[in-house]
Amino acid sequence: MAKYMLIMRATDESMEKLQTADFNEMLEVMGKFNDELIRAGVLLAAEGLDDPKEGVVVDFTGETPVVTDGPYGETKELFAGYYILDVASKQEAVEWAKRAPMTAGTKTEIRRVPGIDEFPQDNEWIQKERAWREQTGQL
């Protein structure tokens, strides 16, 4: 099994449409999908994000970081939420992503999340992180 992150990317238009959707209906539709993921035993985490207007951006393209209020300068795609799934393959992650509800006008980026075992185990920082993960029940 491997971890894959499904990054839900919305456009300005799809975010606007979501904000006018019936909230209880949205909870019902998303809840059913989340329940499918849970029953399949693949869901590790899932979160939606607050309105992008409430966020800030830290821009590191210059000499010093510049902080600006959100959303972003020229918004093409907004990071709207994510799922982390523990599945057998990238293709299985793709199949789950294709079944996600409320995705009209959006895109979903799928990226593998490397495990701690894939990093040099003799590295001091990896050893500290492993100890923390063990202490917090993540390993």
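The values are calculated or read from the model by the stated rules, or taken from the named source; none is laboratory data. These figures come from a predicted structure and were not determined experimentally. Cβ sites come from the backbone with ideal geometry, for glycine too, and all protein chains shown count toward neighbours. For accessibility, only protein heavy atoms count, side chains too; no ligands or nucleic acids. Shrake-Rupley method; radii C 1.70, N 1.55, O 1.52, S 1.80 Å.
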Output for the stretch 93-113, where each listed residue is open to solvent by 60 Å² or more (accessible area, probe 1.4 Å) and free of Cβ contacts under 8 Å to residues at least 60 places away in the same chain: Glu95, Lys98
Matching entry among Val87, Val66 (being touching a helix residue (DSSP H, G or I) at 6+ places or on another chain (Cβ under 9 Å) and surrounded by 11 or more Cβ atoms within 10 Å (Cβ to Cβ)): Val87
Matching residues in the stretch 1-20 - criterion: being open to solvent by 40 Å² or more (accessible area, probe 1.4 Å), out of contact with any Phe, Trp or Tyr (no Cβ under 7 Å at 6 or more places or on another chain) and either aliphatic (A, V, I, L, M) or closer than 22 Å to Glu95 by Cα (or both): Met1, Lys3, Leu18
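Only one of Glu109, Glu16 is assigned to a helix (DSSP H, G or I) and among the acidic types (Asp, Glu). Can you tell me which?
Values: Glu109 fails: assigned to a helix (DSSP H, G or I).
It is Glu16.
Glu92 - would you say it is of a type outside the set (Phe, Trp, Tyr), under 13 Å from Tyr4 (Cβ atoms) and at pLDDT 95 or above? Working first, answer last.
Numbers: of a type outside the set (Phe, Trp, Tyr): yes; under 13 Å from Tyr4 (Cβ atoms): yes; at pLDDT 95 or above: yes.
The answer is yes for Glu92.
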Hits in the stretch 119-139 - residues which are loosely packed, with under 10 Cβ neighbours inside 10 Å and either out of contact with any helix residue (DSSP H, G or I) (no Cβ under 9 Å at 6 or more places or on another chain) or among the acidic types (Asp, Glu) (or both): Asp122, Glu124, Trp125, Gln135, Thr136, Gly137
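Here is a check on your reading of the model: is Glu36 of a type in the set (D, E, K, R), at negative phi, in contact with a Gly (Cβ under 7 Å, 6 or more places away or on another chain) and touching a residue at least 40 places away in the same chain (Cβ under 8 Å)? Spell out how you get there, then give the answer.
Values: of a type in the set (D, E, K, R): yes; at negative phi: yes; in contact with a Gly (Cβ under 7 Å, 6 or more places away or on another chain): no; touching a residue at least 40 places away in the same chain (Cβ under 8 Å): yes.
For Glu36, the condition - of a type in the set (D, E, K, R), at negative phi, in contact with a Gly (Cβ under 7 Å, 6 or more places away or on another chain) and touching a residue at least 40 places away in the same chain (Cβ under 8 Å) - is not met.
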